[in-house]
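Let me give you the structure first, and then I'll get to my questions.
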Amino acid sequence: MKDLYVGLMSGTSIDGIDAGLLEVDNNQYRLIETHNHDIPAELKSQLEHLSTAESFSVDDFGGCDRQLGQLFAQAVNTLLHKANISKSRVTAVGSHGQTVRHRPSTEHNGPFTLQIGDPNIIAVETGIDTVADFRRKDMATGGQAAPLAPVFHQAFFGDDRISRAVINIGGISNLSKLSPNEDLIGFDLGPGNRLMDAWSQRHLGEEFDRDGNWAASGSINRKLLTKLLAHPYLSQKFPKSTGREDFNLQWLDGLLENEEKIATKDVQATLLEFTAESIATSTLEIFTPDEVYICGGGALNTELMKRLQVLFGEKPVQSTLLLGIDPQWVEAAGFAWLAKRRIENLPGNSTTVTGASKELTLGGLYLAN
């Protein structure tokens, strides 16, 4: 009997809820339906505030938690309707939730990590058992709680003959080092699309720079690039993880404050180069992969992919579509897979990735009845 799981992901960019329906048949996996669910502008604005403000009201927090839970449930129900699949056939939903704060160090009252989107509401409104709160158990045993994707990447994309780098470029970028007969290694590399998207939203009124065309029209400002690459996170040793707390427009504005005015398109070109160089440099410091695969929204940025190919040299830089999963849906598939691991009481983390003291089953189980 084939098992079905739903994965839900809302990432650092808060650009929508990705829902994927994963079919599992004797350890063979297939993503059979997908759905992107909009987040209303007002709620998105509130989530941006929760993610960046030094303080916020408990009422705002609780309201967003409930609204997101309802949206996640709607995403699941819409996905199943598109697939013409009864909820009774789905074993569980795996919901990442929306990260509103990630503090893996002891600074700022850390370490802690916080994702919202009430899983009780998801379970009740879908009628499907729901797994959520995947990160905090890893952190409770000394881990970074991120990234969680590498264990999934190893299961899906690993090859016992080929060394691969799988790089997810969402709001933040992260690396999975998949090398035969070697420990799995993974960590957050630094900025992904987040800075480029935020700059586009501010100056173009567009959610993102389509194909990187605006960045391609500008010129890299080397002085600004040097300042960007000097961010202390980039020189930290792994295990490590980061988020919009480190890479945001407020930080960028501070770097631009004492500079001569730089054209907005040149800032965008520099941000793209910063993203590409931070990804390639940190990856190549760890190993020289035979192949490089990109997933996440960054795989759709033509200019970014061109720059990554240049920086990785002769190693082919390709989309995970060639390995069987569209790059936009890898994270949703990953949380469906993590839900399966939780239901089967199997580990969902890797000590060599997060730095946790042991492998653990991750996530709390919220029953529909």
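The values are calculated or read from the model by the stated rules, or taken from the named source; none is laboratory data. Being a predicted model, the structure only gives us computed values, none of them experimental. Reconstructed Cβ throughout: ideal geometry from the backbone, glycine too, with neighbour counts over all protein chains shown.
Name the residue, out of F134, F112, that is among the aromatic types (F, W, Y) and either surrounded by fewer than 18 Cβ atoms within 10 Å (Cβ to Cβ) or on the phi > 0 side of the Ramachandran plot (or both).
From the options F134, F112, the qualifying one is F112.
On to the next question. Got a sec? Which of L311, L365, L321, L284 is within 18 Å of the chain's Cα centre (by Cα) and either surrounded by fewer than 20 Cβ atoms within 10 Å (Cβ to Cβ) or in the same structural domain as K177 (by TED's automatic domain parsing) (or both)?
L321
Something else about it: Quickly run through region 151-210 and pick out the residues that are among the aliphatic types (A, V, I, L, M) and farther than 19 Å from E359 by Cα.
I162, A165, V166, I167, I169, I172, L175, L189, L195, M196, A198, L204 - these are the residues of region 151-210 that are among the aliphatic types (A, V, I, L, M) and farther than 19 Å from E359 by Cα.
Which members of region 167-198 meet the condition of being part of a loop (DSSP other than H, G, I, E, B) and either in contact with an Asp or Glu (Cβ under 7 Å, 6 or more places away or on another chain) or in contact (Cβ under 8 Å) with a residue 40 or more places away in the chain (or both)?
Residues satisfying the conditions are G170, G171, S179, P180, D183, L184, G192, N193.
Spot the failing condition for L224; the list is (1) over 28 Å from G186 (Cβ atoms); (2) among the aliphatic types (A, V, I, L, M); (3) touching a Gly at 6+ places or on another chain (Cβ under 9 Å), and only one is missed.
(3)
Answer yes if at least one residue in region 12-21 is over 18 Å from I343 (Cα atoms), in a strand (DSSP E or B), of a type in the set (V, I, T) and under 15 Å from the mean Cα position of the chain (by Cα), and no otherwise.
Scanning region 12-21, I find at least one residue that is over 18 Å from I343 (Cα atoms), in a strand (DSSP E or B), of a type in the set (V, I, T) and under 15 Å from the mean Cα position of the chain (by Cα), so the answer is yes.
Just one of (1) of a type outside the set (A, V, I, L, M, F, W, C); (2) more than 21 Å from P147 (Cα to Cα); (3) surrounded by 16 or more Cβ atoms within 10 Å (Cβ to Cβ) trips up K223, so point out which.
K223 satisfies every listed condition except (3).
Okay, moving on. Could you tell me whether Q115 is at pLDDT 95 or above and farther than 17 Å from F134 by Cβ?
Considered against the rule, which asks whether it is at pLDDT 95 or above and farther than 17 Å from F134 by Cβ, Q115 comes out as no.
Turning to a different aspect of this structure: So which of N109, N120, N168 ends up being polar (S, T, N, Q) and in the same structural domain as S241 (by TED's automatic domain parsing)?
It is N168.
Please specify each residue of region 228-270 satisfying the condition of being outside any loop (DSSP other than H, G, I, E, B) and in contact with a strand residue (DSSP E or B) (Cβ under 8 Å, 6 or more places away or on another chain).
Selection gives Y233, L234.
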